[in-house]
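First the structure, in the form of structure tokens, and then the observations on it.
Each value in this text was obtained by applying a stated rule to the coordinates, not by laboratory testing. Bear in mind the structure is a predicted one, so any value in this text is a computation, not a measurement. Here the Cβ is made from the backbone with ideal geometry for all residues, glycine too, and neighbour counts use every protein chain on show.
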Amino acid sequence: MTDPPAEYLFRVRFRLEPQSSARIDPETFETLLSWPAAQPDTEGWLFFRDHLWRGEVNDQAPLCDLAEDSLGPVAVEHVAFLELRTSEAYLDSLKDGIGEALERHPSPFGNATSAEEVVKNHLGSAIHVRPPG
């Protein structure tokens, strides 16, 4: 059995903008978009810290830009965080990585004192642990 990859799942609302006089209906669509969660202490592993607070997107503009880069030539209007889908092993690894980062000065997590506090501050309860496949 292997652990499923961890990923951040978002609901994205985007608008198509025809380049001619053609009209479309509807103009706005929603889709699910997932970004792989990087392993702790690798590039991009602080994605949750940089973009999420209490299980919500903390700033729409950067995530809309990231979604537009991923989806192609569409205008992303809104991004909503749904969950971190993960295995127990990745979640443990994430907490270990956070714990190690908390020991550094300065800490990348401000005044937080534990990995559990960091996870709750950024992801809230939006964590879906899946069994190994």
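Overview of results
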{"read-out": "Residue in the stretch 112-119 that is in contact (Cβ under 8 Å) with a residue 40 or more places away in the chain and out of contact with any Lys or Arg (no Cβ under 7 Å at 6 or more places or on another chain) present", "value": "yes"}
{"read-out": "Among (1) aliphatic (A, V, I, L, M); (2) touching a residue at least 12 places away in the same chain (Cβ under 8 Å); (3) surrounded by 14 or more Cβ atoms within 10 Å (Cβ to Cβ), the one test that residue 16 misses", "value": "(3)"}
{"read-out": "Every residue from the stretch 20-69 that is among the small types (Gly, Ala, Ser) and assigned to a loop (DSSP other than H, G, I, E, B)", "value": "20, 21, 22, 37, 38, 44, 55"}
{"read-out": "Which listed residue, of 125, 93, is within 21 Å of residue 39 (Cα to Cα), part of a loop (DSSP other than H, G, I, E, B) and within 17 Å of the chain's Cα centre (by Cα)", "value": "125"}
{"read-out": "Inter-residue pairs, beta-carbon under 8 Å, first within 14 Å of residue 6 (Cβ to Cβ) and in the stretch 45-57, second surrounded by fewer than 18 Cβ atoms within 10 Å (Cβ to Cβ) and acidic (Asp, Glu), 6+ apart", "value": "none"}
